[in-house]
Amino acid sequence: MADTLRPNPIRFLGAKLLNGLVYAGGMTLLFLAAARWLLRGLFSRKVKLGREALAIQMVRVGVRSLGVVMLVQAFIGVILALQMTPPLADFGQEPQVARIIGAAGFRMLGPIITAVVLSGFAGASIAAELGTMVVAEEIEAMEAMALNPVRFLVVPRVFASMIMMVMLTVIGDWMIALGGWATARAVLGPATYAGYWDRMQEQLTYGDFATGLIQAAVFGILISLIACYEGLHVRGGAEGVGRATTQTVVYSIVAIVSAAAVFTAIFFVYEI
Amino acid sequence: MTKTHDNPTQAAGAGIDGARPAVIRVRDLVKRFPGRPTPVLDGVNLDVRSGETMVIMGGSGCGKSTLLRCMIGSHTPEEGCIEMFGHNLAELGEEQLDEVRKRFGILFQSGALFNSMTVGENVALPLVEHTDLDRDTIDIMVKIKLELVSLRAAEHRMPAEISGGMKKRAGLARAIALDPEVLFYDEPSAGLDPVTSAEIDQLIIDLSKKMGVTSVVVTHEMDSAFRIADRMCMLDEGRVLKVGPREEFERMRDGAPTGDKTNDLIRQFLRGDSEGPITQRRIDGEFAEDILSTGQ
């Protein structure tokens, strides 16, 4: 009996793997349920998706995050400009900083940084809200009233996060570019800022812009799904709500970076 | 929708004792939770008859709230079945279960109002979601329901701005929004002062009379239970100890100990005595477990 209680790395890894599979399975089922309700809402008159609820979530997820996203992305542009100019200057290539900021910002940093900000801002808030609803028996009341929590709570949040993530990324991309330009103009000198926008335009294709936005949409879905899943699975009162909030941010960042790695690999292989 | 009995009278088993037909039939219900060695509900049988107020009572952890959650379809039992309006809940799909759910209302212990909505919006929600009524008609319906629970003045207030008693009344207004045939109450008087508690009890009685609804009330507040009950059910350790008319329980409460363990256990619970079979069992059980676990 005592042997079975000793720490065993294989048992530990096995338990972690099982937990991971259960989590992935739960997330998949939640995604499928949300997709099913969304399709039913779009094509059936009987199912009301709630435009008002969607608008509220879009304001909450997007509009309230806008200032933070703009500020953070502008600083990313500042950092990129300041970090990349010295090594480029060694080869007399300071003007190319605009190309690097454009490529890195629009293809990857724009969506990733926006998603990280959104996971801390909107993801944590969604998990805390739904978790509190679970604790206060609101979800159970909803089910008892024949209102499906996935349709009523998850679908508007996932849909709003997806749309607003794309919109915020568009703004974030331009804030990175603008931050880089402002830094070049104020600190780095004419060698960097002269022809800044022209070189960025030369570097960027519609494909760069589109791949960034596709990633943004996927990140938005991931963040909101994780937040909803964590929130709806809260156990143990206020402590459980706190745990769900923390886990939402941690799992979201892991999911965002993992998805970004997969996207990068795909784009690399297919030369997109 | 699967119907286990085409005839509700047959479903209720009416005619056997001349009683009204049963709206809810619980048969051999067993419910277990992971990590708990013993079942929370262990072979529960219970009929709730049309139009009556059935009070389910018992000590903390006896399984009464779990029984209520099984009845509303929140928990799925491992064994046995629950029939409501002649339908076996276990055999219903999601949409069919939702159709049954539209025929009952529930008042949760905390009121369970949606905090992001006003009291009026909370009451309107089932009407907005489940009916094709226009906005003006829904507004009138909301006012009527709030008037029934004496809460019209709070229509535009947020749940965070009203007292615990008002939250329960608002929850009740929402529960009756769709004119349900059955109303479930989970600890309706818990955490309320005696006057507010009596007001809630009176509301339950009034709604039962005015709307003719069948009520199932889970409580361990004995004053409240005796005020509202037509029949009572005593649960203990997941089993039904006794089901009967309120008067029978009143006689047990007011009578002397008989030496019969079940009778004396119910009597102690009804009277709220600090000594008796319940206390003795608790002391004996915990002491023995404590000693055994220390010795290991």
List every residue pair whose Cβ atoms sit under 6 Å apart, with the two residues 6 or more apart in sequence or on different chains, where the first one lies in region A:80-96 and is among the charged types (D, E, K, R) and the second, anywhere, is exposed (fewer than 11 other Cβ atoms within 10 Å of the Cβ). none
Let me spell it out: the conditions are (1) more than 14 Å from chain B (Cβ to nearest Cβ); (2) closer than 30 Å to B:K168 by Cα, and A:M162 meets all of them except one. Which number is the exception? (2)
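Looking at A:I76, A:I100, which is the one that is among the hydrophobic types (A, V, I, L, M, F, W, C), farther than 30 Å from A:L147 by Cβ, surrounded by 16 or more Cβ atoms within 10 Å (Cβ to Cβ) and at pLDDT below 95?
Working: A:I76 fails: at pLDDT below 95.
Within the list A:I76, A:I100, the selection yields A:I100.
Considering only residues that are closer than 18 Å to B:T214 by Cα and in a loop (DSSP other than H, G, I, E, B), look in region B:90-106 and name the one that is nearest to the other protein chains (Cβ to nearest Cβ).
Taking region B:90-106 first, the residues closer than 18 Å to B:T214 by Cα are B:99-106.
Adding the requirement that they be in a loop (DSSP other than H, G, I, E, B) leaves B:102-103.
Details: B:K102: 5, B:R103: 9 Å.
Among them, the one singled out is B:K102.
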If B:M141 satisfies every condition in (1) at pLDDT 90 or above; (2) exposed (fewer than 15 other Cβ atoms within 10 Å of the Cβ) but one, which is the exception? (2)
Give the residues of region A:214-239 that are surrounded by fewer than 18 Cβ atoms within 10 Å (Cβ to Cβ) and assigned to a helix (DSSP H, G or I), sorted by residue number. A:I214, A:A217, A:G237, A:A238, A:E239
Within region B:36-89, count every residue that is of a type in the set (D, E, K, R) and within 14 Å of chain A (Cβ to nearest Cβ). 1
Taking the residues in region B:203-218 that are touching a Lys or Arg at 6+ places or on another chain (Cβ under 8 Å) and more than 14 Å from chain A (Cβ to nearest Cβ) as candidates, determine which candidate is modelled with the lowest pLDDT. B:L203
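For region B:161-178, enumerate the residues that are within 11 Å of another protein chain (Cβ to nearest Cβ), in a helix (DSSP H, G or I) and small (G, A, S). Please lay out each step first, then the result.
Of the residues in region B:161-178, the ones within 11 Å of another protein chain (Cβ to nearest Cβ) are B:167, B:171, B:174-175, B:177-178.
Filter once more, so that each one left must be in a helix (DSSP H, G or I): B:167, B:171, B:174-175.
The answer is B:G171, B:A175.
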Any strands (runs of 3 or more DSSP E) falling wholly within region B:5-89 and containing at least 1 residues that are within 24 Å of B:F226 (Cα to Cα), at pLDDT 90 or above and among the hydrophobic types (A, V, I, L, M, F, W, C): B:22-31, B:41-49, B:53-57
Identify all residues within region B:113-160 that are aliphatic (A, V, I, L, M), part of a helix (DSSP H, G or I), under 22 Å from B:E99 (Cα atoms) and within 14 Å of chain A (Cβ to nearest Cβ); write none if there are none. B:V123, B:A124, B:L125, B:L127, B:V128, B:I138
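State all residues of region A:137-151 that are over 25 Å from the mean Cα position of the chain (by Cα) and either part of a loop (DSSP other than H, G, I, E, B) or more than 7 Å from chain B (Cβ to nearest Cβ) (or both); if no residue qualifies, say none. I'd like the intermediate steps shown before the answer.
Kept after step one, since they are over 25 Å from the mean Cα position of the chain (by Cα), are these residues of region A:137-151: A:137-148.
Listed by number, the residues that qualify are A:E137, A:I139, A:M142, A:M145, A:A146, A:L147, A:N148.
The values are calculated or read from the model by the stated rules, or taken from the named source; none is laboratory data. If you're wondering where the values come from, they're calculated on a predicted model, not measured in any experiment. Don't worry about glycine lacking a Cβ; one is built from the backbone with ideal geometry, like all the others, and counts go over all protein chains shown.
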